[in-house]
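The values are calculated or read from the model by the stated rules, or taken from the named source; none is laboratory data. Everything numeric in this text was worked out from a predicted model, so none of it was measured. Cβ placement follows ideal geometry from the backbone for every residue including glycine, while neighbour counts extend to all protein chains displayed. SASA here: full protein model, heavy atoms, side chains in, ligands and nucleic acids out. Shrake-Rupley method; radii C 1.70, N 1.55, O 1.52, S 1.80 Å.
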Amino acid sequence: MTTDPVPLLPRGTRLHQDRVRDTWVLLVPERALLLDEIGTAILQEVDGRSSLAAISCRLAERYGAPEPDVASDVREFLDGLVGQRLVDYQ
Amino acid sequence: MAWKKPIIKNIACMNM
């Protein structure tokens with residue numbers, strides 16, 4: 001695995017907007033996970049082409065936050081999802 | 001909204 005992997009949602013995993021509750025969920029076979037705004041923003045950037053650094057850079061700019069802090073949080077968040085096989089790194 | 005650590009929660013065994 002490279003130090004700047006490209007995350008992607010595996011087959012069968014998708015983001016879904018629950019309009020009734022005005023929230024986003026990550027749907028995987030037989031499971032659903034509730035996302036907050038930041039988690040949603042991160043996963044909306046996961047397109048299978050953008051590297052972790054590119055995603056972090058865009059989010060840091062959007063939220064006006066220090067890039068190292070954003071990169072650390074994004075990495076920790078996605079690593080956790082990779083550990084649960086909800087996201088893949090390529 | 002300011003940046004903060006993202007949160008993801010399993011939905012308890014709770015509209016498509």
Original post:
So is A:Val20 within 11 Å of another protein chain (Cβ to nearest Cβ) and not in a helix (DSSP H, G or I) or not?
Top reply: yes
Original post:
Do you know which of the residues in region A:51-60 that are surrounded by fewer than 18 Cβ atoms within 10 Å (Cβ to Cβ) and touching a helix residue (DSSP H, G or I) at 6+ places or on another chain (Cβ under 8 Å) is farthest from the other protein chains (Cβ to nearest Cβ)?
Top reply: A:Ala53
Original post:
Given (1) under 19 Å from B:Met1 (Cβ atoms); (2) at pLDDT 95 or above; (3) surrounded by 14 or more Cβ atoms within 10 Å (Cβ to Cβ), where does A:Trp24 come up short, assuming only one miss?
Top reply: (2)
Subject >> Yes/no for A:Pro66 being open to solvent by 70 Å² or more (accessible area, probe 1.4 Å) and at the interface with another protein chain (Cβ under 9 Å from one of its Cβ atoms) >> reply: yes
Original post:
A:Ile38 versus (1) in contact with a Ser or Thr (Cβ under 9 Å, 6 or more places away or on another chain); (2) open to solvent by less than 30 Å² (accessible area, probe 1.4 Å): which is the lone unmet condition?
Top reply: (1)
**OP:** For A:Val87, state whether it is open to solvent by 30 Å² or more (accessible area, probe 1.4 Å) and of a type in the set (A, V, I, L, M, F, W, C).
**Re:** no
Subject >> Counted residues, region A:28-42 - those being touching a Pro at 6+ places or on another chain (Cβ under 9 Å) and more than 7 Å from chain B (Cβ to nearest Cβ) >> reply: 3
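Conditions (1) of a type in the set (Asp, Glu); (2) part of a loop (DSSP other than H, G, I, E, B); (3) within 10 Å of the chain's Cα centre (by Cα), marked per residue:
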position	(1), (2), (3)
A:Arg11	no, yes, no
A:Leu27	no, no, no
A:Asp47	yes, yes, yes
A:Ala54	no, no, no
A:Phe77	no, no, yes
